[in-house]
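In what follows, a single structure is set out as structure tokens and then discussed.
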Amino acid sequence: MSKSAGAVRLVGIISIIFGIVAFVGGVVTWATVTSQLAAENITVPADSPLVPGAKVQDPISAYAQAQIINHHAMTASGGKTYAELGTMITAAKNAGDTATADQLTATRTTLMNASFLRASLFTSVVAYGVALLVIGLGIMFALLGWAFLGLAPAKATDAPAAPADETATA
């Protein structure tokens, strides 16, 4: 076997091994994220436009939950963002209106918690995407490795002895 055939065979074997490891890693990641989300016992609210009533345990339901959390938070704040509420709190305090400042602070805390929850859910959605990417790459590497092995010439073996010419002995 030539050096180049050996290299092609080695690359093929390494690609197959990497592909299998990547595929298994992606599947384990997907399963782990799913089980962790399911363990939280979150259900998408009925007023969600996307998968209402679904248990949060996959990328679609995690995304839907993040979106409805944002909707509820923005409704609670009257459409004001976290930063805008900060400005309003400062203005209320400067005006001596502590009651308004306290109410705005409570609303701002709600928005902050909503933001943290959304970030966690979006992290799950990204983890699902990465897991799917790694599964796909694992399949591709395994297929490329298989193709490389097909390109490598077969190992040389002892050639069978040539059959004796029967007419020469007669």
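Report the residue count in the stretch 59-83 for those that are among the aromatic types (Phe, Trp, Tyr) and within 20 Å of ALA39 (Cα to Cα). Spell out how you get there, then give the answer.
Start the filter on the stretch 59-83 by keeping residues that are among the aromatic types (Phe, Trp, Tyr), which leaves 63, 82.
Pick out the ones that are also within 20 Å of ALA39 (Cα to Cα) and you get 63.
Selection size over the stretch 59-83: 1.
Among the listed residues LEU37, LEU50, which satisfies the condition of being more than 24 Å from GLY136 (Cβ to Cβ) and either open to solvent by less than 80 Å² (accessible area, probe 1.4 Å) or of a type in the set (Asp, Glu) (or both)?
On the way: LEU37 fails: more than 24 Å from GLY136 (Cβ to Cβ).
That would be LEU50, the only listed residue that is more than 24 Å from GLY136 (Cβ to Cβ) and either open to solvent by less than 80 Å² (accessible area, probe 1.4 Å) or of a type in the set (Asp, Glu) (or both).
Are there any pairs with C-beta distances below 6 angstrom linking a residue in the stretch 55-75 that is hydroxyl-bearing (Ser, Thr, Tyr) to a residue that is surrounded by 20 or more Cβ atoms within 10 Å (Cβ to Cβ) and not in a helix (DSSP H, G or I), with the two at least 6 apart or on different chains, and if so which?
SER61/VAL44
For residues that are open to solvent by less than 70 Å² (accessible area, probe 1.4 Å) and not in a helix (DSSP H, G or I), scanning just the stretch 85-130, find the one that is farthest from ASN41 (Cα to Cα).
Step by step, filter the stretch 85-130, then rank; the result is GLY96.
Scan the stretch 14-38 and report the pairs whose first residue is assigned to a helix (DSSP H, G or I) and whose second residue is open to solvent by less than 80 Å² (accessible area, probe 1.4 Å) and of a type in the set (Phe, Trp, Tyr), with Cβ atoms within less than 8 Å and a gap of 6+ or a chain change.
SER15/PHE141; SER15/PHE148; ILE16/PHE141; PHE18/PHE141; GLY19/PHE141; ALA22/PHE141; TRP30/TYR128; VAL33/TYR128
Taking only pairs six or more apart or across chains, which ones have beta-carbon atoms under 8 Å, a first residue in the stretch 87-111 that is closer than 15 Å to SER77 by Cβ, and a second residue that is surrounded by fewer than 13 Cβ atoms within 10 Å (Cβ to Cβ)?
Final answer for the pair search is ALA92/THR98.
Which residues, counting only those in the stretch 53-84, are open to solvent by 60 Å² or more (accessible area, probe 1.4 Å) and either small (Gly, Ala, Ser) or part of a helix (DSSP H, G or I) (or both)?
ILE60, TYR63, GLN67, HIS71, HIS72, THR75, ALA76, GLY78, TYR82, ALA83, GLU84, listed by residue number.
The values are calculated or read from the model by the stated rules, or taken from the named source; none is laboratory data. Note that the structure is predicted; figures quoted are calculated from it, not measured. Counting neighbours? That spans all protein chains shown, and the Cβs are built from the backbone with ideal geometry, glycine included. We work out accessible area using only protein heavy atoms, side chains counted, and drop any ligands, DNA or RNA first. Shrake-Rupley method; radii C 1.70, N 1.55, O 1.52, S 1.80 Å.
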